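This report concerns only the one structure given below.
Read-outs: derived from the displayed coordinates by stated rules, not from any lab. Remember, predicted model here, so these are calculated numbers, not experimental data. Glycine also receives a Cβ, built like all others from the backbone with ideal geometry; neighbour counts cover every protein chain displayed.
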Protein chains: 2
Amino acid sequence: MSSKVLEILNAKEAYQCWLQYKKIEDGRQYDEYASICLNLAVVGDSVILNSALQELIQAVTSMFDKEPLITNYADPDSSIILGTYQDINLTDYGVDASIMDRLNEEGYLLQTVNNGKRDCLLLVGKSDKGTLYATHHLLRLIQTGEAINDLTIVESPRNQIRMLNQWDNMDGSVERGYSGNSIFFDNNQITTDLERIKDYARLLSSVGINAISINNVNVWQVETNLITSKLLPEVANIADTFRRYGIKTFLSINFASPIELGDLTTADPLDQDVKKWWKDKVKEIYAHIPDFGGFVVKADSEHRPGPFSYDRDHADGSNMLAEALQPFDGIVVWRCFVYNCMQDWRDRSTDRARAAYDHFKPLDGKFHDNVILQVKNGPMDFQVREPISPMIGAMENTNQILEFQIAQEYLGQQKDLAFLIPMWKEVLDFDTYAKGEGSTVTAIVDGSLYDYKFSGIAAVSNIGNDINWTGNTLAQANLYGYGRLIWNPNLTAEEIAGEWVLATFGSDSTVLENITSMLLDSREIYENYTTPLGIGWMVNPNHHYGPNVDGYEYSRWGTYHFADRNGIGVDRTIETGTGYAGQYFSPNKKVYNSLEECPDELLLFFHHVPYTHKLKSGETVIQHYYNTHFKGVEQVENLIVKWTMLEDKIDEFRFNNVLDRLKMQLANAKEWRDQVNTYFYRKSGIADEKNRTIY
Amino acid sequence: MSSKVLEILNAKEAYQCWLQYKKIEDGRQYDEYASICLNLAVVGDSVILNSALQELIQAVTSMFDKEPLITNYADPDSSIILGTYQDINLTDYGVDASIMDRLNEEGYLLQTVNNGKRDCLLLVGKSDKGTLYATHHLLRLIQTGEAINDLTIVESPRNQIRMLNQWDNMDGSVERGYSGNSIFFDNNQITTDLERIKDYARLLSSVGINAISINNVNVWQVETNLITSKLLPEVANIADTFRRYGIKTFLSINFASPIELGDLTTADPLDQDVKKWWKDKVKEIYAHIPDFGGFVVKADSEHRPGPFSYDRDHADGSNMLAEALQPFDGIVVWRCFVYNCMQDWRDRSTDRARAAYDHFKPLDGKFHDNVILQVKNGPMDFQVREPISPMIGAMENTNQILEFQIAQEYLGQQKDLAFLIPMWKEVLDFDTYAKGEGSTVTAIVDGSLYDYKFSGIAAVSNIGNDINWTGNTLAQANLYGYGRLIWNPNLTAEEIAGEWVLATFGSDSTVLENITSMLLDSREIYENYTTPLGIGWMVNPNHHYGPNVDGYEYSRWGTYHFADRNGIGVDRTIETGTGYAGQYFSPNKKVYNSLEECPDELLLFFHHVPYTHKLKSGETVIQHYYNTHFKGVEQVENLIVKWTMLEDKIDEFRFNNVLDRLKMQLANAKEWRDQVNTYFYRKSGIADEKNRTIY
């Protein structure tokens, strides 16, 4: 056998992620599930229905070590019937068909009925996508050991667009990728390994992802060609694969494409030739991919081209593309990560945190209705703790999509453990007060608060061609959790973690308990040994792993802590600072602006304070820094203890994979602890109250 | 014409460096020189004599716009006669032949004699190399406008080995190169452009360089093959070219070659197979290059392989190679840049400055007599100010060669101006007291103090394939000055600068005055705006350009400043510090060890002091830092003023080339000023007495 095959065999569990479909060993459970799962009827026909059926066959065959009986019509022996409500007459089963009115296009019903001869489980989608999601819902119930003999589940996804952004380059590299290379591209070619793409699609559809952009938002020279007839047939192959799993394919485009592809001398969005060029281009794309999703655009950001070159604004730029896409129901996802990345560190009046709001807020209402502005969750860049971007909810008349980053760029790069769901929950639960109390981020991005035509959530993917997809096997939980959370923001982080552990590692109680607690504690731990109190950064420039307190302090990137011998923090108040706090709605504006009311965890984001400033906990800022940094390392040591307890309960590959990374994390945590403590001790001269070792 | 040719035409002066041979415009001077230079006799025959003749023909033809008459015997009309003393009978010209006894093999006589019919100038070498150097001496006199009608010059080089180390890689890159790519290698091939190599050889021989290693001391995979039969014929072509100019070719080798080239499983220097392997290898090399110089070796340094892997020491490693080279009179140049590059920054007991002495001193006397230890001038790594390496003079029974770096790695990278001759003069003039007063570095490296069999000076070259060789045209002065200084360490920096300006830019008095003063001030200026008082570093990691005060503070490289809110500096005293000061001979030991006696410019290298410590000037350390940093920027502005005055006096290419770099230097100096001042103001809290802008 080739070493590749051997690796896959050894790492089978790692590769399968949460779709383990392990043989059910418990006899009672086996009998109960088997009585329902081994006689399948699928009514109707579509590629998506077929994916649902195939998933069910694969899962059932694996879990019961038996092939199910399959019919393409419901008969009295059918124990599961799947299809859409158009093909399954609910009334025949005594179900009130009006139940389907409560569902959106992707919703579904899981309902136990009696067909006269026996109990039987209906998996009924509002569309075939709904049926696919219903199937995954059922399989999740089985994998997590829930009863399935008396179900009535009516469910729709809360968010309309549930998207992933791949930051994959055609040379095979992945920007901010920590899991090997791209599964889409290699050596400036599009992959021919559609099997891996299909497995990715299975994973994504199992958690409800319905959109994906497959190339990096920084579109370099080679990638600019993805929208040309030379490469579109191969893009179409990928889109075909995703389509079978209910996922629409998007491309990131280069705003300067008309020039770069050699056709025009301008990319001015108001130029008639440019408009025509894009209209023709879009037509060409849709000829290859009839359900193409649209474009993701990073323009006038970090040196990427955009409408500014022609004295046009973001509305001009995005609307031009939107007009081209409109006839095909395509959309433009226009990123708001726009700021001055050539800032002079001496200039204290410019505040990067203000930039997105300052750029985009004045344009509210000027965007076409198939343009969506994509806004990062925080105003800076995916730090371990940031306030919510004041952009979210600020634009009543402009579609918005929220951007998360599953890739742990600033959160340990999938060496260190950081389960991101609790952090994202905080974001979604945050009340912006945009339309008074209750204007949560969830209500904004699900489109309900302002009745957006398009909205939802996107995230930078964390996968690569590593055999386990995510470098650190535990980072699979973030991909899983992302999908689950944006499907249903009411799920708790605990529920999601528990589901994932059960599906991924099985039901051993120590495994469940230890891994769940490791996940749930991990973001706080990471915050403890890195940058508590909301200040962020202090990382090594460029690659962003490991501590470097002054790493960005004298740089062009607008990311400063302003620590001096007396204190630390960025004054973003209205009266004496950059005024950033004023971008929030009341009362958030007042809370953040006030030294007394500002929550401790964001204190240094909004205020410059002396090291001796007392936190609400009673600790001084400096002592809090010492305490959290010592504690963080101890907590990592505890993670290792918890993981080591699982040695005999987890396959060798996954056990060692995580253990290796925990050891790297410990080394990293110690480096953070010592550098940060030493830096601030040297600067403040204030000793640790507990007299622990500072260098 | 091709753009390459056009570039060369526009940049002819830049390319020619100090071998301009401009037409002599002054009529009186023209006549005087022409009366001597237009009738040449060359007696004897060798490739080197031929190079001397060709240089003379080229120069004379260019300066007088006339081709000289050439004979291969002295006749009554000969006005210049060149050859060796074996071929020119001095007594025939009334010269006491015993004068040649005062010369070493590379020495020469320039003597005006009367042959009965006319005055005639003898250029007589002790060997043909001497004749070549005599020729260049004559040409230098003409280019600098000196009289040549009544000469009696008897001259030998002070140092035996006068070497350049190219840090060129076969992919064409140059490690720490700031002047384009390699002239030796491109795309993993050896160059076929021997014309450029020849021009380099001309430049080098004109200043007396007699040895060169052509590949990087870090010998990577491809370069390991330079000593194989596949590449040796091409190396031989390069060696042939250099040989014509009296320059021996060396190669840097990979200590693990026997393994890397696939022949053995060990590189253990005491293994018989390894010994035989190297003996055979050396034989093979000499079959291609009969006068091959030998090996340059970086072993057990910065992750390069070496004898430590086999529990052997540096003597074992170098002696094994020396034995292989000995039958062919080859030598081993073994670098002493050995230290722990994986130091934990928390570990204050390890001191990189101590490393070379600690490693090598105990091995004194154990090295074969064709091994030379190559020692960097300072104990760290070519900082703008370091004490002399205590290794120099510490090993009475071991040949030593001093290593300078002409490439301005830490001195502005040939963007910023830094004329290095004054710094090297300080090194050479330094009294080590190794054998009591008068034990200067010069007396050690010229071999006289300890009667070394081999000794001299090597330097890392600063050239590349830029049209002007050195990026910044003014950096040519460092290559010129290096050769001149090591030929004759008694030359002053002023003399060398003056010579170089005259030969390079001609004799306009403003040009001479401005450029000479720019050069002579430049190192102090660079020191002012970077790291005065001997602390060094504070640069951006990896590439080493621009400020980053904490850039190396928490790194593995052993390069720290230990600045805290109270003070700065490294305690290297015997009593409370690392003990490094104790590595010097008395009284240097005592001077450096004493806070009172330690010279200000090295204060922070040896002592950790409060910011309020008073320097001998009366300034506090912190105020000195502010003052020098403000002053440094003003001085750079003044450099620009001085250069701008020369706009009409210098060809456009060279004028703009330097002006562009001076502008970069000004930006760099401001960044240094502001980052350093801000860093220390924030840390110390001590305001500038003059209340200038600190951020």
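The table that follows gives values for the structure above.
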quantity: Cα centroid separation, the range A:161-193 to the range A:207-239 (Å); calculated: 10
quantity: Net charge dipole size for chain A [Lys, Arg +1 and Asp, Glu -1 on Cβ; Debye, nearest 20]; calculated: 980
quantity: Integer Hz, Karplus 6.51/-1.76/1.60 couplings in order for the range A:329-341, x for Gly and Pro; calculated: 6, x, 10, 10, 9, 10, 7, 9, 7, 10, 7, 7, 8
quantity: Among A:L662, A:F562, A:T578 - extreme Cα towards positive end, dipole of the range A:550-695, charges at beta-carbon; calculated: A:T578
quantity: Around B:L602: net Lys/Arg minus Asp/Glu count, Cβ-Cβ under 9 Å; calculated: -2
quantity: Estimated inter-spin distance, B:T61 and B:R556, nm [label 7 Å along Cα→Cβ]; calculated: 5.6
quantity: Extension reserve of the A:S309-A:Q221 stretch, reckoned as 0.36 nm per residue once the Cα distance is removed; calculated: 29.8 nm
quantity: Residues A:K589 and A:S617, FRET efficiency given R0 of 22 Å [Cβ-Cβ distance, rounded to 0.05]; calculated: 0.35
quantity: Per-residue HN-Hα couplings for the range A:83-94 [Karplus 6.51, -1.76, 1.60; θ = phi - 60°; Hz; x = Gly/Pro]; calculated: x, 9, 5, 5, 9, 10, 7, 4, 4, 4, 9, x
quantity: Count, lysine Cα pairs under 22 Å in the range A:358-450, 8 or more residues apart or across chains; calculated: 7
quantity: Charge dipole magnitude, Cβ of K and R +1, D and E -1 - the protein assembly as shown, Cα centre, debye nearest 20; calculated: 1040
quantity: Shortest-first distances to equivalent copies, position A:D600, nm, label 7 Å out along Cβ; calculated: 4.9
quantity: Fewest-first sequence of B:H288, B:H613, A:H136 by Cβ atoms within 10 Å of each Cβ; calculated: B:H288, B:H613, A:H136
quantity: Zone of A:D263's modelled label, taken as backbone nitrogen in the range A:314-340 under 20 Å from a point 7 Å along Cα→Cβ; calculated: A:316-333
quantity: Alpha-carbon spread of the protein assembly as shown, three principal axes, descending order, Å; calculated: 137, 70, 62
quantity: 0 to 90° range, to nearest 10: angle between helix B:314-325 axis and chain B longest Cα axis; calculated: 10
quantity: Using a 7 Å Cα-to-Cβ projection, A:E575 label spacings across copies, nm, ascending; calculated: 5.3
quantity: Cβ charges +1 (Lys, Arg) and -1 (Asp, Glu), total dipole of the range A:1-110, debye; calculated: 480
quantity: Proximal lysines relative to A:K649, as straight alpha-carbon distance under 20 Å, when same-chain residues fewer than 8 apart are discounted; calculated: A:K12, A:K22, A:K23, A:K663
quantity: Using alpha-carbon coordinates, inclination of helix B:493-505 to the longest axis of chain B, degrees; calculated: 60
quantity: Cα centroid of the range A:105-149 to Cα centroid of the range B:486-501, whole Å; calculated: 91
quantity: Built amide H within the under 5 Å cut-off of B:L402, gap 5+; calculated: B:V375, B:G456, B:I457, B:A458
quantity: 10 Å beta-carbon shell around B:N488, net charge (K/R +1, D/E -1); calculated: 0
quantity: Two-site FRET efficiency, B:E234 against B:E494, from Cβ-Cβ distance with R₀ of 51 Å, rounded to 0.05; calculated: 0.75
quantity: Acute angle (nearest 10 degrees) that the helix B:47-64 long axis makes with the longest principal axis of chain B, alpha-carbon atoms; calculated: 80
quantity: Label-to-label distance, nm, for residues given as B:R346 and A:A667 (7 Å Cα→Cβ offset); calculated: 1.4
quantity: Order of B:R352, A:R348 - criterion: other Cβ atoms within 10 Å of each residue's Cβ, fewest first; calculated: A:R348, B:R352
quantity: Between the range A:572-619 and the range A:394-453, the Cα center-to-center distance that results, in Å; calculated: 21
quantity: Which of A:D564, A:D75 has the fewest Cβ neighbours within 10 Å, and the rest in rising order; calculated: A:D75, A:D564
quantity: Copies compared at B:Q221 - label distances in nm, ascending, label defined 7 Å from Cα in the Cβ direction; calculated: 2.5
quantity: Pair A:T192, B:D150: separation of 7 Å Cα→Cβ label points (nm); calculated: 8.8
quantity: Karplus-derived 3J(HN,Hα), 6.51/-1.76/1.60, for each residue of the range B:244-259, Hz, glycine and proline x; calculated: 4, 10, x, 10, 8, 9, 10, 10, 7, 10, 8, 4, 8, 3, x, 7
quantity: Amide H contacts of B:Q408 (H built 1.01 Å from N, under 5 Å, at least 5 apart or other chain); calculated: B:Q413, B:Q414
quantity: Long-range HN-HN contacts of A:V296 with modeled amide H, under 5 Å; calculated: A:L251, A:S252, A:I253, A:V333
